[in-house]
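Just below is one structure, and these are the notes that go with it.
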Amino acid sequence: MSKSGSFTLVLTVICLSVLMSLEADAQSTTDETNSCSSTSLEVVVNLVESIASNQQENAKEIKKVASVQQEIKQQQEENAKEIKKIASKSCESESVESSKQALVSSLVSEFVFHISLLLTHIDDNSLRKEVNK
């Protein structure tokens, strides 16, 4: 089961527990005139809506992260092919070695760039969520 599906299941269980608790409380404290305000239920509904909204935002962010990861994977595969091409060429040992070093350096730089981009994106979203709270 995916993380999103697991979270949704846990959220549903929590909401049902809260609703059952509210129902039990309402039954034990209701007087004979049945005058009971719906503010508790409204609070729960607002809470559930807020959690659902946050869950949708999280799902979108997870999809973005997955997309970035896929791009990194494709780039790494392309880079591996380039390394194989360079290694297979019959060149002088020194020129092949320096080409490998340049390629490895390029790969490391690109990896660091993508990771920093990903972390910046995650930090921006965390900051935005903190501001919204």
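The values are calculated or read from the model by the stated rules, or taken from the named source; none is laboratory data. It should be emphasised that the depicted structure is a prediction, and the values quoted were computed from it without experimental measurement. As a convention, Cβ positions derive from the backbone with ideal geometry for all residues, glycine included, and neighbour counts pool all protein chains shown.
Got a number for residues in segment 43-71 being free of Cβ contacts under 8 Å to residues at least 24 places away in the same chain and in contact with a helix residue (DSSP H, G or I) (Cβ under 6 Å, 6 or more places away or on another chain)? Total meeting the criteria: 0.
Annotation: of all residues in segment 41-72 being among the β-branched types (Val, Ile, Thr) and under 24 Å from Leu118 (Cα atoms), the one that is surrounded by the most Cβ atoms within 10 Å (Cβ to Cβ) is Ile72. The number of residues in segment 105-120 being over 10 Å from Asn79 (Cβ atoms) and touching a helix residue (DSSP H, G or I) at 6+ places or on another chain (Cβ under 6 Å) comes to 2.
Among what's in segment 1-25 and is under 14 Å from the mean Cα position of the chain (by Cα), exposed (fewer than 11 other Cβ atoms within 10 Å of the Cβ) and in a helix (DSSP H, G or I), pick the residue that is modelled with the highest pLDDT. Once the filter is applied, the top-ranked residue is Ser6.
Against the list (1) within 25 Å of Ile62 (Cα to Cα); (2) in contact with a helix residue (DSSP H, G or I) (Cβ under 8 Å, 6 or more places away or on another chain); (3) at pLDDT below 70; (4) not small (Gly, Ala, Ser), the condition Val96 fails is (1).
Evaluate the following for Gln75: is it modelled with pLDDT of 85 or more, of a type outside the set (A, V, I, L, M, F, W, C) and surrounded by 14 or more Cβ atoms within 10 Å (Cβ to Cβ)?
Working: modelled with pLDDT of 85 or more: yes; of a type outside the set (A, V, I, L, M, F, W, C): yes; surrounded by 14 or more Cβ atoms within 10 Å (Cβ to Cβ): yes.
Against the criterion (modelled with pLDDT of 85 or more, of a type outside the set (A, V, I, L, M, F, W, C) and surrounded by 14 or more Cβ atoms within 10 Å (Cβ to Cβ)), Gln75 qualifies.
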